[in-house]
Amino acid sequence: MPERSWFECWRDPKEFFCAAWQQIKPITKSAPPQYVREAYVAGLFARIWNYNNSCEVRLIPDDRFPDAQLHDSEHMINFEIAIADRKGRPTWREQKKWAEMFNRGEFVPADSPEKRRADAQEAIARIVKQKVEHYLHHRIAMVPNNANLLIYLMTSHAITEPGPVIPIEEMETLTAPYKNNFEAIWLLCGREDVRVWPRREVLRPPPDQDPFNSRARSSD
């Protein structure tokens, strides 16, 4: 497993993401280290960004605020990462169970679209509120132009789910109370980078590209 210091160097998004993905992909009952999860989220986000605008990505050294940075020819963006999952969910134990069922050729149950939508709504609202309250409590200034909030939506069964389970309009409504605490608010939904504040934007790979495929090209 790469040390945290490896992820603290500027790297190509494909190399960065694949290094983290290899630690997430085996799926064990215990969660990977926090820095691996943050590298996975930052790397996937950057890899999708990279299809649209060539960039590099890294974790912030020494585990400081914010969590990660991305830079391209025009931007240097700070990201504070939040993972939105179902409340009380034993995520990694469930993921291991489903992976084992899949490998045995067994049917893996899937939640209904209504259940997935409700789970996403609850998780997004809860995690954004918790993130803001945590940093206000610890007296860390969160003002515009300081950091982008990057929410990784992980409420469904499949880590590699292709896209959002709720409309962008609902994402905007759920995050609106906290939009002034961040330079921008993004959601990473499967294979899409979705910015909901201050203006809407959706970045996605070309139709013939899969960011989870280590053999796929990083950019056009």
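Where a number appears in this text, it was derived from the coordinates with a stated rule and is not lab data. What you are looking at is a predicted structure, and each value in this text was computed from that prediction instead of being measured. For neighbour counting, all protein chains shown are included, and Cβ atoms are generated from backbone atoms with ideal geometry for every residue, glycine included.
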Could you work out [θ]222 nm for the chain from helices alone, using -39500 (n - 2.57) per DSSP H run of at least four and dividing by all its residues? Round to the nearest 500 deg cm²/dmol.
-12000 deg cm²/dmol
Evaluated at 20 °C and 1.002 mPa s, the Stokes-Einstein D of segment 1-75 based on the Kirkwood radius over Cα pairs, in µm²/s, stands at 174 µm²/s
Lys pairs in the chain, Cα-Cα under 13 Å, at least 8 apart or on separate chains: how many?
5
Would you list 196, 165, 57 from fewest to most Cβ contacts within 10 Å?
165, 196, 57
Per-selection Kirkwood Rh - segment 55-94 (Cα, Å, 1 d.p.):
12.2 Å
Compute the Kirkwood hydrodynamic radius of the chain, taking the inverse of the mean of 1/r over all pairs of distinct Cα atoms, and give it in Å to one decimal.
17.8 Å
Please arrange 1, 76 by how many other C-beta atoms lie within 10 Å of their C-beta, fewest to most.
76, 1
